[in-house]
Amino acid sequence: MWVLQVVVAGFFVVAALGKFAGAEPSASTFAAIGFGDWFRVLVGVLEVAGAVALLVPRLAGVAGLALAGLMAGAVVTEAFVSGGGVVLPLVLLLLCLVVAWGRRKETKQVWSAVAGQAS
C-alpha cells in the first residue's frame, strides 16, 4: 500500500507543478472551464495537500477519498468540457479509491476523533 501511496503522491505533485507553471494542457483545460487561473492554482494546491496527506499514515485514507473526488471532477471536465482523454484521471481516481479502501481503518479513526470532538 505504501508503494502505491508514494507513486500516487508523486504523480499529484508533478501534476500540480504543471498547474503552477501554467503548462499545457493544464492552462487550456482550465481556460475552457472558464474559472480562470485562480482555479488552476487552487487545484494545484489541493493536489499538493492531498499528496502530502497520502504520506501521513493517519490521513492517507482521507486523502485518498479527497483526491478521488478531485479526479471525479477531472473525469467529468475532460469528458464534457475540454474533450480530452479520461483514461488517466479515471485510473488515478481508481488508485485513490484503492488507497482509501486500504486505509479505511485509519479513516474511521479520524472520523471518530472528529465526530467525538464535534459533540
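I'd like to check something: does the stretch 26-45 contain any residue that is in a helix (DSSP H, G or I) and closer than 23 Å to residue 105 by Cα?
Residues of the stretch 26-45 that are in a helix (DSSP H, G or I), as a first pass: 26-33, 37-45.
Filter once more, keeping what is closer than 23 Å to residue 105 by Cα: none.
Scanning the stretch 26-45, I find no residue that is in a helix (DSSP H, G or I) and closer than 23 Å to residue 105 by Cα, so the answer is no.
Among 95, 70, 65, which is the only one that is within 30 Å of residue 28 (Cα to Cα), in contact with a helix residue (DSSP H, G or I) (Cβ under 9 Å, 6 or more places away or on another chain), open to solvent by less than 70 Å² (accessible area, probe 1.4 Å) and in contact (Cβ under 8 Å) with a residue 40 or more places away in the chain? It would help to see each step written out before you state the result.
Values: 70 fails: in contact (Cβ under 8 Å) with a residue 40 or more places away in the chain; 65 fails: open to solvent by less than 70 Å² (accessible area, probe 1.4 Å).
Criteria check complete, one pass: 95.
Checking residue 10 against (1) at pLDDT below 95; (2) assigned to a helix (DSSP H, G or I); (3) surrounded by fewer than 18 Cβ atoms within 10 Å (Cβ to Cβ); (4) not aliphatic (A, V, I, L, M), which test does it fail?
(1)
Does the stretch 43-56 include one or more residues that are open to solvent by less than 80 Å² (accessible area, probe 1.4 Å) and in contact with an Asp or Glu (Cβ under 9 Å, 6 or more places away or on another chain)? Give the steps one after another, and end with the answer.
Step one: of the stretch 43-56, the residues open to solvent by less than 80 Å² (accessible area, probe 1.4 Å) are 43-45, 47-51, 53-54, 56.
If we keep only those that are in contact with an Asp or Glu (Cβ under 9 Å, 6 or more places away or on another chain) too, we end up with none.
The answer is no; no qualifying residue exists.
Please go through the stretch 77-87 and pick out each residue that is open to solvent by 50 Å² or more (accessible area, probe 1.4 Å) and within 11 Å of residue 25 (Cβ to Cβ).
83, 85
Mind checking which residues of the stretch 84-106 are farther than 16 Å from residue 4 by Cβ and either among the hydroxyl-bearing types (Ser, Thr, Tyr) or in a loop (DSSP other than H, G, I, E, B) (or both)?
If the condition is that a residue be farther than 16 Å from residue 4 by Cβ and either among the hydroxyl-bearing types (Ser, Thr, Tyr) or in a loop (DSSP other than H, G, I, E, B) (or both), then 84, 85, 86 are the ones that fit.
For residue 68, all conditions in the list (1) part of a helix (DSSP H, G or I); (2) more than 24 Å from residue 99 (Cα to Cα) hold save one; what is the number of the exception?
(2)
Among (1) open to solvent by less than 60 Å² (accessible area, probe 1.4 Å); (2) of a type in the set (Asp, Glu); (3) without any contact (Cβ under 8 Å) to a residue 40 or more places away in the chain, which single condition is residue 37 missing?
It is condition (1) that residue 37 fails.
The values are calculated or read from the model by the stated rules, or taken from the named source; none is laboratory data. Values in this document were obtained by computation on a predicted structure and should not be read as measured data. As a convention, Cβ positions derive from the backbone with ideal geometry for all residues, glycine included, and neighbour counts pool all protein chains shown. Ligands, DNA and RNA are excluded from the accessible area calculation, which covers all protein heavy atoms including side chains. Shrake-Rupley method; radii C 1.70, N 1.55, O 1.52, S 1.80 Å.
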